[in-house]
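Take a look at the structure below.
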Amino acid sequence: MAFIHSFESFGTVDGPGVRFIVFTQGCPMRCKYCHNPDTWAFNHGKEYTTQEIYEEIIKYRNYIKKGGVTISGGEPLVQIDFLIELFTILKKENIHTCVDTSGIMFNPDDTNLVKKYDKLLEVTDLFIVDLKHIDKEAHIDLTGLPIDRPISFINYLNSKDKDIWIRVVLVDGYTNDVGVLTRMREFIDTLSNVNRVEVLPYHTLGVNKYKELGIDYPFMDKKKPLKEDILRAKEILGAR
């Protein structure tokens, strides 16, 4: 069983090709720019069996045959057992699989958990990893949690030679800074498995959700990055 927030049947930005996107419920992070605060709560959303989700996906097989399936969130690795089960089924159907994650759930010191990640890697073609920040204090300020596990996760994927895309949200006062971007690039350059780097400009599309949930939106004063900021960030990070 899995707690699911929603589905998107024709996704074009979360992995290669046209993709079926499964948005899972539950996330321990509280990113100040998050546009899906309705996915934070654990054990909410609608409960589905893995078979029910597979049956929903397979309806769109003709559309996603050159794309695949991406599990996003929330934080999908909260429900890693479900991911392993679903992706095992999808790989038998030769469907491309992708996880969009922050890496926050990874714990290199938990042997049993790492074994689960090893199993997940066997049935996952691509990981899209959201690199929130590169500096420890700023990462905690921005997300509410330390940077250690996300960095450990990225290094773990690198050690397994598993394909990843790195995503960076460009936010004034945080990542829209030459020094920060340069340090991110230096870290990325230590990796051998990064196939793509993407820069996502900060936006305010989720503000109304905060109002509906009665939650204060912490970035009301933040402006969207200018075109020249985006181009500079892409150049520094080597992004497409």
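The values are calculated or read from the model by the stated rules, or taken from the named source; none is laboratory data. Note that the coordinates shown come from a computational prediction; the quantities given were computed from them, not determined experimentally. Cβ: placed from backbone, ideal geometry, glycine included. Neighbour counts: every protein chain shown.
Take the conditions in contact with a helix residue (DSSP H, G or I) (Cβ under 7 Å, 6 or more places away or on another chain) and buried (at least 20 other Cβ atoms within 10 Å of the Cβ) and apply them to I57. Does it pass? Answer is no for this residue. Scanning region 43-73 for residues that are part of a loop (DSSP other than H, G, I, E, B), closer than 28 Å to K115 by Cβ and modelled with pLDDT of 95 or more returns a single hit, T49. Just one of the listed residues (T124, T88) is at pLDDT 95 or above, hydroxyl-bearing (S, T, Y) and assigned to a helix (DSSP H, G or I), namely T88.
Here is the figure for region 156-212: residues that are in contact with a strand residue (DSSP E or B) (Cβ under 6 Å, 6 or more places away or on another chain) and basic (K, R) total 2.
Looking for something on the phi > 0 side of the Ramachandran plot and touching a helix residue (DSSP H, G or I) at 6+ places or on another chain (Cβ under 8 Å) - is there at least one such residue anywhere in region 209-225?
Pass one, region 209-225, residues on the phi > 0 side of the Ramachandran plot: 214.
Subset that is touching a helix residue (DSSP H, G or I) at 6+ places or on another chain (Cβ under 8 Å): none.
No, that holds for no residue.
Do we have any residue at all in region 62-70 that's aliphatic (A, V, I, L, M) and out of contact with any Lys or Arg (no Cβ under 9 Å at 6 or more places or on another chain)? No: region 62-70 contains no residue that is aliphatic (A, V, I, L, M) and out of contact with any Lys or Arg (no Cβ under 9 Å at 6 or more places or on another chain). Is it fair to say D100 is among the acidic types (D, E) and over 16 Å from the mean Cα position of the chain (by Cα)? For D100, the condition - among the acidic types (D, E) and over 16 Å from the mean Cα position of the chain (by Cα) - is not met. Within region 130-148, no residue that is closer than 11 Å to M29 by Cβ sits with its Cβ atom under 8 Å from a residue that is among the polar types (S, T, N, Q) and surrounded by fewer than 17 Cβ atoms within 10 Å (Cβ to Cβ) at 6+ positions apart or across chains.
Would you point out which residue out of N195, N155, N208, N176 is closer than 20 Å to V13 by Cα and polar (S, T, N, Q)? Working first, answer last.
On the way: N155 fails: closer than 20 Å to V13 by Cα; N208 fails: closer than 20 Å to V13 by Cα; N176 fails: closer than 20 Å to V13 by Cα.
When all the criteria are applied, what remains is N195.
Cβ-Cβ distance below 9 Å, separation of 6 or more or different chains: which pairs start in region 79-96 with a residue that is farther than 12 Å from E122 by Cβ and end on one that is of a type in the set (S, T, N, Q) and part of a loop (DSSP other than H, G, I, E, B)? Final answer for the pair search is Q79/Q25.
Among the candidates D141, D125, D161, D189, the residue that is surrounded by 18 or more Cβ atoms within 10 Å (Cβ to Cβ), of a type in the set (D, E, K, R) and either out of contact with any helix residue (DSSP H, G or I) (no Cβ under 7 Å at 6 or more places or on another chain) or on the phi > 0 side of the Ramachandran plot (or both) is uniquely D125. The requirement of being more than 20 Å from the chain's Cα centre (by Cα) and either hydroxyl-bearing (S, T, Y) or outside any helix (DSSP H, G or I) (or both) is fulfilled nowhere in region 142-150; no residue meets it.
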